[in-house]
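The values are calculated or read from the model by the stated rules, or taken from the named source; none is laboratory data. Treat the numbers as computed from the prediction; the structure is a model and nothing was measured. Glycine also receives a Cβ, built like all others from the backbone with ideal geometry; neighbour counts cover every protein chain displayed. For accessibility, only protein heavy atoms count, side chains too; no ligands or nucleic acids. Shrake-Rupley method; radii C 1.70, N 1.55, O 1.52, S 1.80 Å.
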Amino acid sequence: VFIRTPSHNMPLRIQSQHNHQQDAYTRFMYGIKSDETRRSYLSKLEFFFDFYKIEGQDIKEKSENFLRFTRNRKGKKDNSQELTDLILNYMSFHIRRAQKNEISRGTVRNFYKPIKLFCEMNNIILNWKIISKGLPVGPQNANDRIPDEDEILEVLKYPDRRIKGIVSTMATSGL
């Protein structure tokens, strides 16, 4: 491999005895920073592979087999629609679980994220907007409002002087 250096315009020969090609599992793991996210994504990705009975002894083998499945569809020029349908079917399964209250509505999206990351890290190009369109949105917990004057006066009745100072500061500064 020859690379021209910008300053000298002379070829630079790069010799490597290492294979630069990464496997599907390694690329997937590269995209995860947090240990907790790694643990969660691995279990949910394996659940996806098991849902479609992707063969393999472990998650690494299943990852390679799924990648092979996506790339080697006989007679298929573009199998992105077929793959999109597989993921939509899988996500519909989890949406039905949420409707039956087996899982919360906000959890459904957690089954989507590892599949998307796996595909993105392995150059499987899909229209994720279509897939995410039907996913339910979890409850919005931040339903905050400004306390009214009576509520502030009620808190100020508390005998602790530290609370009065904090509440007065917050009320006058808009916090």
Can you tell me how many residues in the range 97-152 are at pLDDT 90 or above and either of a type in the set (K, R) or touching an Asp or Glu at 6+ places or on another chain (Cβ under 6 Å) (or both)? 8
Qualifying residue in the range 124-132 (condition: exposed (fewer than 12 other Cβ atoms within 10 Å of the Cβ) and at positive phi): no
For G56, work out the one condition from (1) open to solvent by 50 Å² or more (accessible area, probe 1.4 Å); (2) of a type outside the set (A, V, I, L, M, F, W, C); (3) not in a helix (DSSP H, G or I) it doesn't fulfil. (1)
Residue check for R73: surrounded by fewer than 16 Cβ atoms within 10 Å (Cβ to Cβ) and at pLDDT 95 or above: no
Mind counting the residues in the range 102-128 that are closer than 14 Å to L67 by Cβ and in a helix (DSSP H, G or I)? 6
Unmet criterion (only one of (1) free of Cβ contacts under 8 Å to residues at least 24 places away in the same chain; (2) more than 19 Å from the chain's Cα centre (by Cα)) for W128: (2)
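Just give me the residues in the range 129-140 being in a loop (DSSP other than H, G, I, E, B) and either hydrophobic (A, V, I, L, M, F, W, C) or under 20 Å from Y52 (Cα atoms) (or both), in sequence order.
Answer for the range 129-140, where residues must be in a loop (DSSP other than H, G, I, E, B) and either hydrophobic (A, V, I, L, M, F, W, C) or under 20 Å from Y52 (Cα atoms) (or both): L135, V137.
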In the set Y112, Y158, the lone residue that is within 18 Å of the chain's Cα centre (by Cα) and among the hydroxyl-bearing types (S, T, Y) is Y112
Residues satisfying the stated conditions in the range 96-106, i.e. open to solvent by less than 40 Å² (accessible area, probe 1.4 Å) and under 17 Å from the mean Cα position of the chain (by Cα): G106
